[in-house]
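Student: Here you go, one structure.
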Amino acid sequence: MSENNIVMCLNDLPADATFPNGMAAVDCEMMGLNVFRDRLCMTQVGNGAGDVWLVKFDGSDWDAPNLKKLLTDSRTLKIFHYGRKDIVTMQHYLGVMTTPLYDTKIASRLTRTYTEKHGLNALCVELLGVQLDKTVTSTNWGADELSAAQLDYAAADVIHLHDLKQKLDIMLKQVNRVHLAQECFDFLPVRATLDLAGWEDEDIFAHH
Ligand code: MN
């Protein structure tokens, strides 16, 4: 991680954040799993070119004009690993739907059908030969002062997404599922809207 420049920001991305390859890796940390109860605490953004911004929210200011501009910028692809919860949360707190999207977990499910392990660490180990430190997964992201270990962990969640996308794109081509994957990514905002409208735990395509 030492090759990455990690910058802490409060309540918004800096105006001078740039995405030279047109792709932003994004991840969020919340107080818990219930979007209506547990607020957004942090949005981590990486540009795949050595810069990571950790946008910490204090809960009093959801204006974030620079972050919202990135999330809705049609020319910048936002890469997530399991983006569903993150885009639901950012829609609820920031009031914007993130688009366009790429999701490494969905790409993994559509390609790595030989395994049930689609977690970020499993992907990093198999495709990149990198082991993530997951020791601070459950932690208080709403604390006023975050520890160095928390900041490293938060940054680690976005640092490998550009490289994973590159590997997964090759795998999607090999199994002829590039188009299907794209349709799934394009459907994510609809899935997020269903979640927020009360259908989070129901599959409206299911028979029963
Ligand atoms: Mn995370």
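The values are calculated or read from the model by the stated rules, or taken from the named source; none is laboratory data. Just so you know, these numbers come straight off a predicted model, no measurement behind them. Please note: Cβ atoms are built from the backbone with ideal geometry, for glycine as well, and neighbour counts cover all protein chains shown. The accessibility values were calculated without ligands, DNA or RNA, using every heavy atom of the protein model including side chains. Shrake-Rupley method; radii C 1.70, N 1.55, O 1.52, S 1.80 Å.
Student: Over the Cα atoms of region 1-89, what Rg and Dmax result, in angstrom?
Tutor: Both quantities, over Cα of region 1-89: 12.7, 37 Å.
Student: Beyond a 26 Å Cα-Cα separation, which of these cross-linked pairs lie in this structure: LYS68/LYS173; LYS69/LYS117; LYS56/LYS173; LYS85/LYS165; LYS69/LYS165; LYS68/LYS105?
Tutor: With Cα atoms farther than 26 Å apart: LYS68/LYS173; LYS69/LYS117; LYS56/LYS173.
Student: Based on the Kirkwood radius over alpha-carbon pairs, what is the Stokes-Einstein translational diffusion coefficient of the chain at 4 °C with 1.567 mPa s viscosity, in µm²/s?
Tutor: 74
Student: With a 1.4 Å probe and all protein chains left in place, how much accessible area per residue does the chain have, in Å²?
Tutor: The answer is 51 Å² per residue.
Student: With charges only on Cβ, +1 for K and R and -1 for D and E, what is the dipole size of the chain about its Cα centre, in debye, rounded to 20?
Tutor: 680
Student: With the cut-off at 19 Å, report for region 136-200 the share of all Cα pairs above it, as a whole percent.
Tutor: Across region 136-200, Cα pairs with separations above 19 Å total 61 percent.
Student: Net charge around THR18, counting only other residues with Cβ within less than 14 Å of its Cβ (Lys, Arg = +1; Asp, Glu = -1)?
Tutor: So the environment of THR18 carries a net charge of -1.
Student: In addition: Carbon-plus-sulfur fraction of the accessible area of the chain, 1.4 Å probe, in percent?
Tutor: Roughly 51 percent, rounded to a whole number.
Student: So how far, in whole Å, is the C-alpha centre of region 133-158 from the one of region 4-79?
Tutor: 15
Student: If you don't mind, there's one more thing I want to ask. Rounded to the nearest 10 Å², what accessible area does TYR114 show when all protein chains are kept and the probe is 1.4 Å?
Tutor: That residue has around 140 Å² of solvent-accessible surface.
Student: Still on this structure, I have one more. Round to the nearest 10 and report in Å² the accessible area of LYS167, as given by a 1.4 Å probe over the protein chains' heavy atoms.
Tutor: Accessible surface of LYS167 is approximately 90 Å².
Student: Run the simple label-point estimate for GLN131 and ASP152 please: 7 Å along Cα→C-beta, distance reported in nm.
Tutor: 1.4
Student: If you add up the charges near PRO65, with Lys and Arg at +1 and Asp and Glu at -1, over every other residue whose beta carbon is less than 15 angstrom from its beta carbon, what do you get?
Tutor: Combined, the nearby Lys, Arg, Asp and Glu give -3.
Student: Which peptide among 190-199, 80-89 comes first, and what is the full order, when sorted by highest mean count of other Cβ atoms within 10 Å?
Tutor: Output ranking for 190-199, 80-89: 80-89, 190-199.
Student: What's the percent breakdown of Cα-Cα distances in region 37-120 across 10 Å bins, shortest bin first?
Tutor: Cα pair-distance distribution for region 37-120, in percent: 15, 46, 29, 9, 1.
Student: Please report the antiparallel percentage of DSSP beta bridges with both residues in the chain, rounded to the nearest 5.
Tutor: 50
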